[in-house]
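Bear in mind these aren't lab numbers, they're just calculated from the coordinates by the rules spelled out. Remember, it's a predicted structure, so these values are computed and weren't measured experimentally. Reconstructed Cβ throughout: ideal geometry from the backbone, glycine too, with neighbour counts over all protein chains shown.
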Amino acid sequence: MAGTDSDDATQVTPPSWPGWLIATSTCIRFYSRLPVPALPGESAHALPDFRLVPRALPLAALAIALPGALIALLAGLAGVNALLTAALVVTALVVTTGAFHEDGLADSADGLFGGPTPERRLEIMKDSRVGTFGALALGLSLLLRVTALAAILQGAGAWALAAAVLVAAPWSRVEGIRILATAPPTRRDGASASVGRPERSVLPVAYGLSGALALLLTATGALPLTGVLIGLGLSVLATYWLSRTAIRLIGGQTGDILGAAQQLGEIAVYLGLAIVIGWGGR
């Protein structure tokens, strides 16, 4: 695969599994602003090699979502207004990641729908300014997440709200990894190309861990099985649409597209749960 010298080196050197602890800390550091010190045998500032490391992404996503889930549980049990609780949860998720995924969503919306040619779309995506499509995408993302989480809290309680956050966080990030693994990078010097394409063994492990967590929370009675299944299914459909749209309009994926995939996946999980819970599907 052609690319920069660093990309070529990443592709030629056989990947090595660093162990679950280091892989998890690498993902936490890459996907969030949480302070994670370098462990023995790793460099905190080195570009991660995503050919194997994303196996541990679901575990990292749990750690990243934990502050939001704790706020959901405590505020919900304290009887705080549902909309305010949901807004606090989303705020915690945004602060924890430094708006990492929201930035990708805004850039993707501006680029995909604001340019007439693939070259112009990619140019817009690299622009740090937020345009009309990006602002609308951010606004709708926040609105849908807050209202869906508020509906889950009102219909099923604080434990269900916290569980929804913990289910959506791993699954939605694995959806981004699926696009990284299956769609070609549009920029050979971009972030998504530099970290390497995940090996075939990554997706089954990552999806398996994410699905097992969802089933565990369902088995505890915190969430309705139908809602979980619909939410996960909607997530797959939404990110598949995004992947096909990106391939059609810009020739593949970028780091911004992966961030947008996380946002669509998270929204879809919340919506699936909110719809079923609203119908009384406990």
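How would you rank Val276, Val94, going from fewest to most other Cβ atoms within 10 Å of each one's own Cβ?
Values: Val276 23, Val94 17.
The most exposed by this proxy come first: Val94, Val276.
Could you compute the net charge surrounding Ala214? Neighbours are other residues with a C-beta less than 14 Å from the C-beta of Ala214; K and R count +1, D and E count -1.
Numbers: positive: Arg173; negative: Glu175, Glu266.
Once positives and negatives cancel, what remains is -1.
Annotation: peptides 234-240, 143-149, ranked by per-residue average of other Cβ atoms within 10 Å with the highest first, follow the order 143-149, 234-240. Taking each residue as 0.36 nm, the span from Trp241 to Ala38 lengthens on full extension beyond its C-alpha to C-alpha distance by 69.4 nm. Positive end of the dipole of the chain (Cβ unit charges, origin at the Cα centre): among Thr91, Thr254, Trp159, the Cα lying farthest that way belongs to Trp159.
Around the amide H of Gln253, modelled in the peptide plane, lie the amide H atoms of Thr186, all under 5 Å away and 5 or more residues distant in sequence or on another chain. Applied to region 238-251, the Karplus parametrisation 6.51 cos²θ - 1.76 cosθ + 1.60 on θ = phi - 60° returns per-residue 3J(HN,Hα) values of 5, 6, 5, 4, 4, 4, 5, 5, 5, 5, 5, 8, 10, x Hz, with x for Gly and Pro.
Pairs of Cα atoms nearer than 8 Å and 6+ residues apart set the relative contact order; for the chain it is 25 percent. Cα centroids of region 260-279 and region 56-85: 16 Å apart.
So what are region 61-278's ellipsoid semi-axes, whole angstrom, largest first, if each one is the square root of 5 times an eigenvalue of the alpha-carbon gyration tensor?
Details: eigenvalues 179, 73, 37 Å².
Sorted largest first and rounded, they come to 30, 19, 14 Å.
Under 14 Å from the Cβ of Leu203, count the other residues' Cβ atoms, weight Lys and Arg +1, Asp and Glu -1, and hand me the total. My count for the surroundings of Leu203 gives +4. The Leu21 and Thr117 beta-carbon pair, evaluated with R₀ = 51 Å, returns a calculated FRET efficiency of approximately 0.65.
Taking θ as phi - 60° and the Karplus parameters 6.51, -1.76 and 1.60, the scalar couplings of region 15-31 work out to x, 10, 7, x, x, 5, 5, 5, 4, 5, 5, 4, 5, 4, 5, 6, 9 Hz in sequence order, x denoting glycine and proline. Remark: the Asn81-Leu216 segment gains 45.8 nm on full extension, using 0.36 nm per residue and subtracting the alpha carbon distance.
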